[in-house]
1. For region 153-167, does any single residue satisfy the condition of being aromatic (Phe, Trp, Tyr) and open to solvent by 20 Å² or more (accessible area, probe 1.4 Å)?
2. What number of residues in region 259-280 are under 21 Å from residue 294 (Cα atoms) and either surrounded by fewer than 16 Cβ atoms within 10 Å (Cβ to Cβ) or without any contact (Cβ under 8 Å) to a residue 24 or more places away in the chain (or both)?
3. Check every one of the strands (runs of 3 or more DSSP E) wholly within region 79-166 and list those with 1 or more residues that are in contact with a helix residue (DSSP H, G or I) (Cβ under 6 Å, 6 or more places away or on another chain).
4. Go through 153, 149, 109, 103 for me and flag whichever is touching a residue at least 60 places away in the same chain (Cβ under 8 Å) and out of contact with any Ser or Thr (no Cβ under 9 Å at 6 or more places or on another chain).
5. Restricting attention to region 213-240, which residues are more than 21 Å from the chain's Cα centre (by Cα), buried (at least 16 other Cβ atoms within 10 Å of the Cβ), within 24 Å of residue 115 (Cβ to Cβ) and not β-branched (Val, Ile, Thr)?
6. Tell me yes or no: at least one residue of region 282-292 is crowded, with 18+ Cβ neighbours inside 10 Å, part of a loop (DSSP other than H, G, I, E, B), at pLDDT 95 or above and among the hydroxyl-bearing types (Ser, Thr, Tyr).
7. Residue 114: modelled with pLDDT of 95 or more and under 19 Å from residue 233 (Cα atoms), yes or no?
8. Hey, does region 65-79 have a residue that's under 30 Å from residue 353 (Cβ atoms), within 21 Å of the chain's Cα centre (by Cα), hydrophobic (A, V, I, L, M, F, W, C) and modelled with pLDDT of 95 or more?
Amino acid sequence: MSIKETVRTILFSGLFALVSMAAEAKTTVTSQPFGKMPDGTSVEIYTLSDGPYEARITTFGGVLVSLKVPDRSGKVGDVVLGFDNLEGYVANFNGPSDAFLGALIGRYANRIARGSFTLDGNKYSLPKNNGDNTLHGGPHGFNNVVWRAKLVANGVELTYVSKDGEAGFPGNLTAVVRYTLVKGDLRIEYSATTDKDTVVNLTNHAYFNLAGQGNILDHQLTLYASRFTPVDAGLIPTGELKPVESTPFDFRKATAVGVRIDANDEQLHLGHGYDHNWVLDSGGGKLTEAAEVYDPNSGRVLKVLTDQPGIQFYSGNFLDGSIRGKGGKPLERRSALCLETQHFPDSPNHPDFPTTELKPGERYHTVTVYSFSAR
């Protein structure tokens, strides 16, 4: 090869590498101050932008503050509930009507019965914040802490170290959550390690309304699940894995959320609507489509992919207008829905459920993708 050919090859290779890097990381990620906590701790907000798609995540609670996606005509709208400023989140997350809007949930998503569980022969007691139960890690869960952030390709990575005994849970747990946005795919990657046997179940508590306003009763929902976990009066699983066949819980074919939500069904009465865990047919372990939501008015479509064994569908039954969200608008009953990918509620007290135990030397790792399009 001549010197001229060698130089041409090097230049071409360098140009190819630059083009490849640009193609791999075309999402713009910026940060700015989002305010300060009551103790003076600074909070940042990160904006992930790729074309018409934009996600904003704050270091307080790892909250998904907003998520803008286009409708069938190309009009961009925010499809998640939230607040305009840090003060709104701090007040809500520490108030009696905490709705966990958009927050990262840990150490344990969903409910633990009677605020206790036994692990390795030791009984652990947790703070109760949901009647006689512990909900979403208790009153001082992962939604109520400031995470450490760093930029990564196409997104932001958040880290929080939960000390041994924090909120009653054993072990020093290092949790790492990575948000990335590429086109219409918001990917959330959860990881954790511990230095002592513990339990962990992480999720995000985003409230979706694909129309951007109004209620979600016309949203068409599909859940790829043939069974769900019935609950008792405290919304704790009974342990049964019940077939959805011939029940209002059958969403194997796209069905409007509001069609059966007020049916004369004991489980719907207990949850005041849908607030249950579905047992995904995939069984977990591999990233698979778990749910789809379609809003016939805007044309927006949300597909949920996960490697978790369960998904909690919550139809916003306990929103009552007392919380004022973005623009000061009251968050009314059933104005949004949640699809929380997870292990089953109260698993530490149900040996037959998929285990949520994490031991030293192991790595908890799970991925969920919220994929948006329009039709």
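1. Going through region 153-167, the residues aromatic (Phe, Trp, Tyr) turn out to be 160.
From what is left, the residues that are open to solvent by 20 Å² or more (accessible area, probe 1.4 Å) are 160.
Yes, there is a match, as at least one residue in region 153-167 is aromatic (Phe, Trp, Tyr) and open to solvent by 20 Å² or more (accessible area, probe 1.4 Å).
2. 3
3. Details: elements: 116-119, 122-125, 148-152, 155-162.
By residue number, 116-119, 122-125.
4. Working: 153 fails: out of contact with any Ser or Thr (no Cβ under 9 Å at 6 or more places or on another chain); 149 fails: out of contact with any Ser or Thr (no Cβ under 9 Å at 6 or more places or on another chain); 109 fails: out of contact with any Ser or Thr (no Cβ under 9 Å at 6 or more places or on another chain).
Exactly one residue qualifies, and that residue is 103.
5. 230
6. Yes.
7. Details: modelled with pLDDT of 95 or more: yes; under 19 Å from residue 233 (Cα atoms): yes.
For residue 114, the condition - modelled with pLDDT of 95 or more and under 19 Å from residue 233 (Cα atoms) - is met.
8. If we filter region 65-79 for residues that are under 30 Å from residue 353 (Cβ atoms), which is where we start, we get none.
Looking for residues that are under 30 Å from residue 353 (Cβ atoms), within 21 Å of the chain's Cα centre (by Cα), hydrophobic (A, V, I, L, M, F, W, C) and modelled with pLDDT of 95 or more, one finds none in region 65-79, hence no.
The values are calculated or read from the model by the stated rules, or taken from the named source; none is laboratory data. Bear in mind that the values here come from a model prediction, so they are computed numbers and not experimental data. So basically every Cβ, Gly included, is an ideal-geometry build from the backbone, and we count neighbours across all protein chains shown. When the accessible area is computed, the model is the full protein with side chains, heavy atoms only, and any ligands, DNA or RNA have been set aside. Shrake-Rupley method; radii C 1.70, N 1.55, O 1.52, S 1.80 Å.
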